[in-house]
Amino acid sequence: MRRISITNSAARLFLLSFLVLFFELVCIRWLSSYVLYLGYFTNFVLLGCLLGIGAGVLLANYQVRLINYLPVLLFSFFPLILFIQPQVTPSSQNFIYFTNNLAWLQLPAYILLPLVFISITGIFTMLSQELGFLLNEFAPLRAYNINILGSLAGILCFMVLGYFSLPSWTWFFISVTILVILLPRDRFFKRNVLLQIGLVIVIASSDYAFANLWSPYYRVNMLELSNEGYQRVRYPIVNKEIEKRVLFANGVAHQEFALVSKNLPFYNLPYDAFAEHQQYEKILIVGAGGGNDVSFALKNQVEQVDAVEIDPLIAKLGGTYHPENPYRDPRVTLYVDDARSFLEKSDTYYDLIIYALPDSLILAANTSNIRLESYLFTLEAFQSVKEHLKPDGLFVLYNYYRSEWLINKITHMLDEVFGSPVYYYFDNSPNNPGVFATIFAGPKARELVDSSLAIQLASRNDLVPATDNWPFLYLREPSLPVYYSISLLIILAVSAIYILLVSPKKAINKLGMPFFFMGAAFTLLETKSIVNFLLLFGATWVVNALVFFAILLVVLIANALAARYRFSKIWVFYVLLFLALILNFVVPLKTFLVDNLIARYVLVTMFLFSPIFFANLVYSTTFRDTQQANIAFGANLLGTMVGGATEYLSLSFGYSLLVVFAGIFYIFAFYFFRRMQR
């Protein structure tokens, strides 16, 4: 490879680090918007990114510059996904999720997930070979610091794009521009530039053709009903008199914006399911969306409505284009927030709280299996709802639950929390393939008198309730579903073969083992920290991004200390690390639920990030003296992939045990570190 100047190397390393993390977020976000099933498995895409980065770094001394072939792969992969939009419908009675049954290409999960994984691995291998070369141009810690700074800039850039809901073609435009800057000026250059321009044009054309809007969570489209049938809506909408619009999220019909007279009758059940029509003074609607539930509340003369919706774009569209204009009514206060976080911060009591179809199509964090609404459906969340109800209050949940066992699970959780009769209206008609039900709980539920409408809770229940530690409402019982297991085994087997094939001779040796196990442990610590922050501060995209950003800042601080001071007794940091892990395991998270949010943030940051800080002091001090930065860095990234796969054990054991698994990995890291010293 052609060597480049040190000054130029620093700029290239920064830009490449920016591009690697930025494009990782682009891939996770964009792919899940077209391949719906990936919304529940974004960590599979992340694993592909990590394997590709690790393999690319190990290939630093390979004579062929793989980046020359990256534009060809990008131009082939993304338009193919756009054209085919493959979906998957795995058959399982024990795990529930949305999917798209209308796609013409349906693949089993154990085929689709590995195919996407292999493609992403190839993309990031080609991109990261340059990263491995540049890492060896600097002292290890300086290279690592530049890498972290570039990664921080990549996160910030993607956050800004998400805040302004900019279209996906802008994400690809930024990625392609940086890639063109990094491409070698050789005989492939003109071809590669043309391919990258073509890729941006294809993505931009798709955004225009589908009339895509991009919220921080979804690819959003809207169809409107007119005399000519449903037609795709382009923005801004000129005709605001349409009586019904259907909003699609990631290609699935998500909700309707319709007049009360055109809407389904279940919206009226909280008001009409009693002997006398109910009028409420103050209510809370969780998952308010575009405003249908709010419209019905206003028509039923509710005096004050608090509406909580997590997606700012959907709330904005509802405020602008809903035919009833519910969010413009002075009786309504709209909060764009996570509902669990809203309840934790609120001291208001309500006559009625409604969970209004609050289900999502995506994970709350790419490093976990928690969905956007998972922390709304735990015993602790229902207890929070109970604490915000007036003495004669009512809690109502309605949704297409898709399985009777899920209804049974929710009703028994409510029975455990409220200690009073729980009723539900179950629509088992042939026209209800989604298994729709309305569930009533709370003191006022006793007043339901029409037995033909409300069925009292059955006595038998063998389902495990969801908790804050095991927040998997849609999983019937703690287990690792079969198609998860098959997919993970295929991916791990492919990864092992791939690393053996692409690694240079003697690249995989005992010198890389401490870094490998540190990477595996760090991923589990990172996941545990993000999950706990989502629980304490809300599962919003802003919290997710800021926590990830804060983790990288902690890494940067640890690097700075390791660069400034030469610590000779690294075992001291291991002792402090294990003490921090023990405290994280034994101290309950509710200890930090103080009312003052600033104080809560400071306490939680110090507590949750203490293991990460000591872990990175260990890593940085060890990495500082390594003679082959690319080998150590590559081994660490491959370890993070193994840690990401280990995170799936939380489906069986919950999230608290991730600290234990992290501790085991650090024991192995310490063992191999001592061997390396000897």
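Listed cross-link partners K244/K444; K345/K528; K345/K409; K316/K590; K262/K386 are compared with a 26 Å cut-off, the Cα-Cα value being larger for K244/K444; K345/K409; K316/K590; K262/K386. Rounded to the nearest 500, the 222 nm mean residue ellipticity of the chain from helices alone is -17500 deg cm²/dmol, with -39,500 (n - 2.57) taken per DSSP H run of at least 4 residues. The long axis of helix 629-646 is offset from the longest Cα principal axis of the chain by roughly 30 degrees. Largest first, the residues F296, F517 sort by 1.4 Å accessible area into F517, F296.
Remark on Y350: its backbone amide H falls under 5 Å from those of L389, K390, a criterion applied only to residues 5 or more positions apart or on other chains, H modelled at 1.01 Å from N. Of all aspartates and glutamates in the structure, those lying under 12 Å Cα to Cα from K299, and not within fewer than 8 positions of it along the same chain, are E324, D329. Tell me, what % of the accessible area of segment 1-81 is carbon and sulfur with a 1.4 angstrom probe? Accessible surface attributable to carbon and sulfur in segment 1-81 totals 66 percent.
Whole Å is fine, so just give me how far the alpha carbon centre of segment 42-59 lies from that of segment 273-306. Cα centres, segment 42-59 to segment 273-306: 48 Å.
Round to a whole number: what % of the accessible area of segment 298-387 belongs to carbon and sulfur, probe 1.4 Å? Spell out each step's value before the answer.
Details: 1290 of 2980 Å².
That fraction is 43 percent.
Just to confirm the number: angle between the C-alpha axis of helix 168-182 and the first principal axis of the chain, 0 to 90 degrees, nearest 10? Result, in degrees: 0. Using only Cα positions of the chain, each an equal point scatterer, no hydration layer, compute I(q)/I(0) via Debye at q = 0.11, 0.12 Å⁻¹ and quote the log10 values to two decimals. Listed by q, the Debye log ratios stand at -1.15, -1.33. Over what distance in Å are the Cα centres of segment 565-581 and segment 111-160 separated? Going from one Cα centre to the other spans 28 Å. Probing with 1.4 Å while keeping every protein chain in the model, the per residue accessible area of the chain equals 40 Å².
Compute the long axis of helix 482-502 from its Cα atoms, compare it with the longest principal axis of the Cα atoms of the chain, and write down the angle in degrees, 0 to 90, nearest 10. Between the helix axis and the principal axis of the chain, the angle is about 20 degrees.
How much net charge surrounds S360 when only other residues with a Cβ under 10 Å from its Cβ are counted (Lys, Arg +1; Asp, Glu -1)? Surrounding charge for S360 is -2.
Classify segment 516-635 as rounded, prolate or oblate from the Cα gyration tensor: take a ≥ b ≥ c as the square roots of its eigenvalues, call it rounded if a/c is under 1.5, otherwise prolate when a/b beats b/c and oblate if not. Prolate shape, in that a/c is at least 1.5 and a/b is the bigger ratio.
Working note: Cα atoms of segment 480-552, range along each principal axis, descending, whole Å: 47, 33, 16.
Where in segment 174-230 are there trypsin sites (Lys or Arg not before Pro) that are in a DSSP coil and have at most 14 other Cβ atoms within 10 angstrom of their Cβ?
Values: sites: R185, R187, K190, R191, R219; in loops: R185, R187.
Counting only loop positions with at most 14 other Cβ atoms within 10 Å, the trypsin sites (Lys or Arg not before Pro) in segment 174-230 are R185, R187.
May I ask you to compute the full-extension gain from I84 to F549, defined as 0.36 nm times their residue separation minus their alpha-carbon distance, rounded to one decimal in nm?
So the extension gain works out to 163.9 nm.
Could you tell me whether segment 598-678 comes out rounded, prolate or oblate from its Cα gyration tensor? Rule is a ≥ b ≥ c as square roots of the eigenvalues, rounded for a/c under 1.5, then prolate if a/b exceeds b/c, otherwise oblate. Provide the component values of the computation, followed by the final result.
Details: a/c = 2.11, a/b = 1.39, b/c = 1.52.
Verdict is oblate for segment 598-678.
The values are calculated or read from the model by the stated rules, or taken from the named source; none is laboratory data. The shown structure was predicted, so the numbers you read here are calculated from the model rather than taken from an experiment. Glycine gets a Cβ as well: all are built from the backbone with ideal geometry, and neighbour counts include every protein chain shown. The area values use the complete protein model at the heavy-atom level, side chains included, leaving out ligands, DNA and RNA. Shrake-Rupley method; radii C 1.70, N 1.55, O 1.52, S 1.80 Å.
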